[in-house]
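Below you'll find the structure I mean.
The values are calculated or read from the model by the stated rules, or taken from the named source; none is laboratory data. Keep in mind that this is a model prediction, so the values were computed, not measured. Cβ placement follows ideal geometry from the backbone for every residue including glycine, while neighbour counts extend to all protein chains displayed.
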Amino acid sequence: MPVRLGPQPLNLLVSYLELLRLAAPEAIIVLVALAVLTIGLTSDRARNLSAVIAALGILLAIWTSFRLPPYANLFGGMLVISPLNSLFKIICLVLAFVTVPLAVSEKSLRNPGEFLAMLLLGTVGLLLLVGSEEFLMIFIGLELLGLSLYVMAAFDKTDVRSAEAGLKYFLFGSTASAFTLFGISLVYGMAGTTSLAPIAAKLATGPVQPLLAAGIVMTLIGFAFKIAAAPFHLWAPDAYQGAPVPSAAFIASGSKVAAFVVMGKIVLIGFGPVHGSANWHAMIAGWSPVLAALAALSILVGNFVALAQTNVRRLLAYSAVAHAGYSLLGLVAGGREGFSATLFYTTIYAITLVGAFAVVGLVKRETGGDDFQNFSGLAARSPLIAASMAVFMLSLAGLPPLAGFFGKFYLFSVAFRAGENHGLLWLVVLALFGSFVSLYYYLSVLKVIFVDKSAEKAPVSGLESTALPQSVAAILAAAVLVLGILPGPLVAVIANSVP
């Protein structure tokens, strides 16, 4: 009987078209990145044009993300469309969008087209991370994001600290990637699959073998690096301080959000049957006590080392270590509510930090530095920027009525109710103590801005000529205030999207 080959090319074409439709946000960002790179290489005066094309491309990707179907699963979890994944694709795209004005206003970036292309390629890595539930694709997303961030951190060739930041970030990142890949290989060898749901089914069938336990721990170590949890945080201070301000903002916001989304899915879906317990009165071996130990160490190290900082960017780096510890509380608590609390807190933290870096970039452009003394008298020179920085610092400290207060309240209350007899009370008390300690160094920044007087009056033209990043800082400060007063809609959207 003759073999009929006619319909096969048509079916294959339909399959590729369906794949392109489901991966439309990623495809759009890749094409825009190539267009921006081409413009940057062919024109010396394409800074504004590259930024406009990048911003429009990101907006188009956001629009296509809204039009994705509610659910789809391709290639065994390599591309998963779900309310949670679509929501955080949009959040990652928004964070990339607000980073574009910071990049175009950074005059030290002599090749803005290439920088924006790296930003967009890093955004593709974020989208692959968020949109996958399969270890191999997660690792590919991690590497694409990591390589882009290494280049972005070392992009300022006029500053030796930028080269140092990129080198340290690359060395630590490649080591963490090795841990992650080796852990994934062990998990695959013992479970026979790299998809999260089948791994969970395999773990539920019997006791955990030592090699599988080692694979789980090594995988968690790799992600602990990405979220800058102690003791895997040593890259963060140099990367935050030495990298160009837009690079540091993107590293601190977008990569942190995507890492927590993926880490939550890995531990709660893939490794869910070996949760264990971090309760003070009944600890049980599993990933939960490992994350609880990382959270406790991060809170202590981040807050206490931040007390000794005199550079605002290094202070924000050690603050990020502490906030990684706070965010881990929701994962340790487990369940839909714990994951929702972590995602909400990470989202509002990312918004706050992009705004804080926008202010740091403005001050650095005006005064030539970002130490405490560079912020002296900022309230007299630019009341709007000073007020925005006050909103960001007080939100990071967790004071009402700002978003950081509700985020901490939501997160700590979920952890307090988790387990029997308030088993995570020890971790909640430690987090409250860390928040109390953090008040000192956040208020120290505000003291310099509002109380201290600068030695000599700095020119106001530096701030007034940067309307774009100034507007970004003001808009993000308003968003932090609104999310603190009316957090309900965002909480509901995140909670309803968590499976």
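How many of the residues making up the range 363-377 are in a helix (DSSP H, G or I) and over 14 Å from A248 (Cα atoms)?
Result for the range 363-377: 8.
A quick yes/no check of all residues on (1) touching a residue at least 40 places away in the same chain (Cβ under 8 Å); (2) surrounded by fewer than 24 Cβ atoms within 10 Å (Cβ to Cβ); (3) touching a helix residue (DSSP H, G or I) at 6+ places or on another chain (Cβ under 9 Å); (4) farther than 30 Å from S277 by Cα:
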residue: G355; (1), (2), (3), (4): yes, no, yes, yes
residue: F375; (1), (2), (3), (4): yes, no, yes, yes
residue: M393; (1), (2), (3), (4): yes, no, yes, yes
residue: A397; (1), (2), (3), (4): yes, yes, yes, no
residue: L411; (1), (2), (3), (4): yes, no, yes, no
residue: A415; (1), (2), (3), (4): yes, no, yes, no
residue: L439; (1), (2), (3), (4): yes, yes, yes, yes
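Considering (1) out of contact with any Ser or Thr (no Cβ under 7 Å at 6 or more places or on another chain); (2) part of a helix (DSSP H, G or I), say which one P246 fails and leave the rest.
Single failed check for P246: (1).
Would you call K202 closer than 30 Å to V104 by Cα, surrounded by fewer than 19 Cβ atoms within 10 Å (Cβ to Cβ) and basic (K, R)?
no
Let me ask something else about it. Any residue at all in the range 176-184 that's in a helix (DSSP H, G or I), more than 21 Å from the chain's Cα centre (by Cα) and either surrounded by fewer than 16 Cβ atoms within 10 Å (Cβ to Cβ) or not small (G, A, S) (or both)?
Yes, there is a match, as at least one residue in the range 176-184 is in a helix (DSSP H, G or I), more than 21 Å from the chain's Cα centre (by Cα) and either surrounded by fewer than 16 Cβ atoms within 10 Å (Cβ to Cβ) or not small (G, A, S) (or both).
Just wondering, is there one or more residues in the range 152-162 that are outside any helix (DSSP H, G or I), hydroxyl-bearing (S, T, Y), within 16 Å of V267 (Cβ to Cβ) and modelled with pLDDT under 90?
No; the residues of the range 152-162 include none that is outside any helix (DSSP H, G or I), hydroxyl-bearing (S, T, Y), within 16 Å of V267 (Cβ to Cβ) and modelled with pLDDT under 90.
State which residue pairs qualify: first residue under 14 Å from A278 (Cβ atoms) and inside the range 421-435, second residue of a type in the set (D, E, K, R) and buried (at least 21 other Cβ atoms within 10 Å of the Cβ) in any location, beta carbons under 9 Å apart, and separation of 6 or more residues or different chains.
A431/K408
What number of residues in the range 465-492 are in a helix (DSSP H, G or I), buried (at least 18 other Cβ atoms within 10 Å of the Cβ) and β-branched (V, I, T)?
The total comes to 3.
I would also like to ask the following. Any residue in the range 118-133 that is out of contact with any helix residue (DSSP H, G or I) (no Cβ under 8 Å at 6 or more places or on another chain) and either under 25 Å from G264 (Cα atoms) or not hydrophobic (A, V, I, L, M, F, W, C) (or both)?
No, the range 118-133 contains no residue that is out of contact with any helix residue (DSSP H, G or I) (no Cβ under 8 Å at 6 or more places or on another chain) and either under 25 Å from G264 (Cα atoms) or not hydrophobic (A, V, I, L, M, F, W, C) (or both).
Let's see how each residue does on (1) in contact with an Asp or Glu (Cβ under 9 Å, 6 or more places away or on another chain); (2) assigned to a helix (DSSP H, G or I); (3) within 23 Å of P198 (Cβ to Cβ):
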| residue | (1), (2), (3) |
| --- | --- |
| G264 | no, yes, yes |
| L268 | no, yes, yes |
| S288 | no, yes, yes |
| S298 | no, yes, no |
| F304 | no, yes, no |
| A308 | no, no, no |
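Test K265 against the stated conditions and say whether it is within 30 Å of L446 (Cβ to Cβ), among the charged types (D, E, K, R) and within 16 Å of the chain's Cα centre (by Cα).
no
Then there's this: Please find, within the range 267-311, the residue that is surrounded by the fewest Cβ atoms within 10 Å (Cβ to Cβ) out of those that are touching a strand residue (DSSP E or B) at 6+ places or on another chain (Cβ under 7 Å) and touching a residue at least 60 places away in the same chain (Cβ under 8 Å).
T310
Yes or no: the range 457-472 includes at least one residue that is at pLDDT below 85 and among the charged types (D, E, K, R).
Scanning the range 457-472 turns up at least one residue that is at pLDDT below 85 and among the charged types (D, E, K, R).
Which one of these is in contact with an Asp or Glu (Cβ under 9 Å, 6 or more places away or on another chain), more than 23 Å from K157 (Cα to Cα) and either in a helix (DSSP H, G or I) or at pLDDT 90 or above (or both): L142, L127?
Exactly one residue qualifies, and that residue is L127.
Mind checking whether some residue in the range 149-159 is at positive phi and over 18 Å from the mean Cα position of the chain (by Cα)?
Within the range 149-159, not a single residue is at positive phi and over 18 Å from the mean Cα position of the chain (by Cα).
May I pose another question? May I ask you to list the residues in the range 48-69 that are at pLDDT 85 or above and surrounded by fewer than 16 Cβ atoms within 10 Å (Cβ to Cβ)?
V52, L56, L59, W63, F66, R67, P69
May I ask you to verify whether L316 is buried (at least 24 other Cβ atoms within 10 Å of the Cβ), in contact with a Ser or Thr (Cβ under 9 Å, 6 or more places away or on another chain), part of a helix (DSSP H, G or I) and of a type outside the set (S, T, Y)?
In short, no.
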